[in-house]
Amino acid sequence: MNLKFLSSGMMLSFAAFALFSISDACSKGLAGQLDPFEVAFSGGIFGFLILPFIRKPQESYSDIFATDRPSMWLLRAFATFVSTASSVMAFMLLPMPEALSLMFLMPFFVTLISVGILKEKVSGWTWLSVGVGFLGVLIVLRPGVRAFHLGHFCAVIAAMANAASVIAYRLAGNQSARLSLFGSSLFGPLIGDGLLMLAHATWPHGAGNWALLFGYGFLAALGQLFMMMATALAPANRVALPQYSQMLWAVAFSYLLFHQPLDNWTFVGIVIVTLSGMLHWVRQKLHYERLALEGHWQKHHTSSRPPAEVT
């Protein structure tokens, strides 16, 4: 692997997760100003600005709907709709690090779906990492000590919806066009959040609200573009690591912008959740490096074997 390509992919991934974090901060800044469904709807509207940069020269814009598995396209669209609506509401109601720590339950739900529905084999290391992450979430929530309210519920729903989206991507395979994959994430919020916002939608007033609304939708879409570029330059397991930088952004924004300091137990829980993700990443890294080493030695052994004698 070319180290320059690898570092470029990692940098793009860091930039993508920074954009996602700023987008989330924009949605939180609109709390009390606009309906959450209206904010989520804007993600689909402003996301269309990214399409020209995603479309390949030989592709048509109609390829947004081109898919060999329509059920998976619809599942991705529905999961994105649920995820955007619930995550916007969670960030509006909770401190950003607390909401994000619950959304980091996504690997836990992916593992459950993989085992229960897809019948995939999951290693003990994976169960350990998701178990540690679940323990961290319990410390953040502290059932029986803290009240579990709508913000927490929305964050958990967002994690479940993101997990469903990951499974849909996996089942769709690698044959789907980029426009199709990206398009499903646009039309889900456009239709679902668009219908839900009708009862409470208001016209945004002031340049500040328009700037935050644009920032939420456009930066999230731009982050998706950066992630696509990153995965083309570096292995997926490397590109996923910078996801945990989102927690640093969330803590900084929570303190500096929204003046919502964390109590000690919540901070401990967030650290445990983040470390569980790092543990899973380290395990994946070691696994792929071992496979690459075995492949190298097998190739070396095959090439050094003397040719069979012809009789």
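The values are calculated or read from the model by the stated rules, or taken from the named source; none is laboratory data. Quantities reported herein were computed from a predicted structural model and do not represent experimental measurements. Cβ placement follows ideal geometry from the backbone for every residue including glycine, while neighbour counts extend to all protein chains displayed.
Could you list, in sequence order, all residues of the stretch 199-222 that are loosely packed, with under 12 Cβ neighbours inside 10 Å and either in contact with a strand residue (DSSP E or B) (Cβ under 7 Å, 6 or more places away or on another chain) or not in a helix (DSSP H, G or I) (or both)?
ALA199, HIS200, THR202, TRP203, HIS205, GLY206
Right, LEU225: surrounded by 21 or more Cβ atoms within 10 Å (Cβ to Cβ), part of a helix (DSSP H, G or I) and either at pLDDT 80 or above or not hydroxyl-bearing (Ser, Thr, Tyr) (or both) or not? Quick ask: steps written out before the conclusion?
Numbers: surrounded by 21 or more Cβ atoms within 10 Å (Cβ to Cβ): no; part of a helix (DSSP H, G or I): yes; either at pLDDT 80 or above or not hydroxyl-bearing (Ser, Thr, Tyr) (or both): yes.
Judged against the criteria, LEU225 is not a match.
Looking at the stretch 126-142 only, could you name the residues that are part of a helix (DSSP H, G or I) and touching a Phe, Trp or Tyr at 6+ places or on another chain (Cβ under 9 Å)?
Applying the first criterion (part of a helix (DSSP H, G or I)) to the stretch 126-142 yields 126-141.
Of everything in the stretch 126-142, those that are part of a helix (DSSP H, G or I) and touching a Phe, Trp or Tyr at 6+ places or on another chain (Cβ under 9 Å) turn out to be SER129, VAL130, GLY131, GLY133, PHE134, GLY136, VAL137, ILE139, VAL140, LEU141.
Per-residue answers, yes or no, for (1) more than 17 Å from ARG178 (Cα to Cα); (2) under 17 Å from the mean Cα position of the chain (by Cα); (3) surrounded by fewer than 23 Cβ atoms within 10 Å (Cβ to Cβ):
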{"site": "SER27", "(1), (2), (3)": "yes, yes, no"}
{"site": "LEU30", "(1), (2), (3)": "yes, no, no"}
{"site": "GLU38", "(1), (2), (3)": "yes, no, yes"}
{"site": "PHE41", "(1), (2), (3)": "yes, no, no"}
{"site": "GLY44", "(1), (2), (3)": "no, yes, no"}
{"site": "ILE50", "(1), (2), (3)": "no, no, yes"}
{"site": "PHE53", "(1), (2), (3)": "no, no, yes"}
{"site": "GLN58", "(1), (2), (3)": "no, no, yes"}
{"site": "PRO70", "(1), (2), (3)": "no, no, yes"}
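Being touching a Gly at 6+ places or on another chain (Cβ under 8 Å) and modelled with pLDDT under 80 is the requirement here; does PRO107 meet it?
Details: touching a Gly at 6+ places or on another chain (Cβ under 8 Å): yes; modelled with pLDDT under 80: yes.
Considered against the rule, which asks whether it is touching a Gly at 6+ places or on another chain (Cβ under 8 Å) and modelled with pLDDT under 80, PRO107 comes out as yes.
Tell me, which residue of the stretch 262-271 that is in contact with a Gly (Cβ under 9 Å, 6 or more places away or on another chain) and surrounded by fewer than 19 Cβ atoms within 10 Å (Cβ to Cβ) is modelled with the highest pLDDT? Explain how you work it out, then say what you get.
Here is the first cut: in the stretch 262-271, the ones in contact with a Gly (Cβ under 9 Å, 6 or more places away or on another chain) are 268-271.
Cutting the leftovers down to surrounded by fewer than 19 Cβ atoms within 10 Å (Cβ to Cβ) gives us 268, 271.
Values: VAL268: 87, VAL271: 84.
Only one residue fits best here, namely VAL268.
Among the residues of the stretch 91-125 satisfying the criterion of being outside any helix (DSSP H, G or I) and hydrophobic (A, V, I, L, M, F, W, C), which is surrounded by the most Cβ atoms within 10 Å (Cβ to Cβ)? Can you show your working first?
Going residue by residue through the stretch 91-125, those that are outside any helix (DSSP H, G or I) are 94-95, 104-105, 117-123.
Of the ones still in play, those that are also hydrophobic (A, V, I, L, M, F, W, C) are 94, 104-105, 117-118, 122.
On the way: LEU94: 22, PHE104: 25, LEU105: 22, ILE117: 9, LEU118: 11, VAL122: 13.
It comes out as PHE104.
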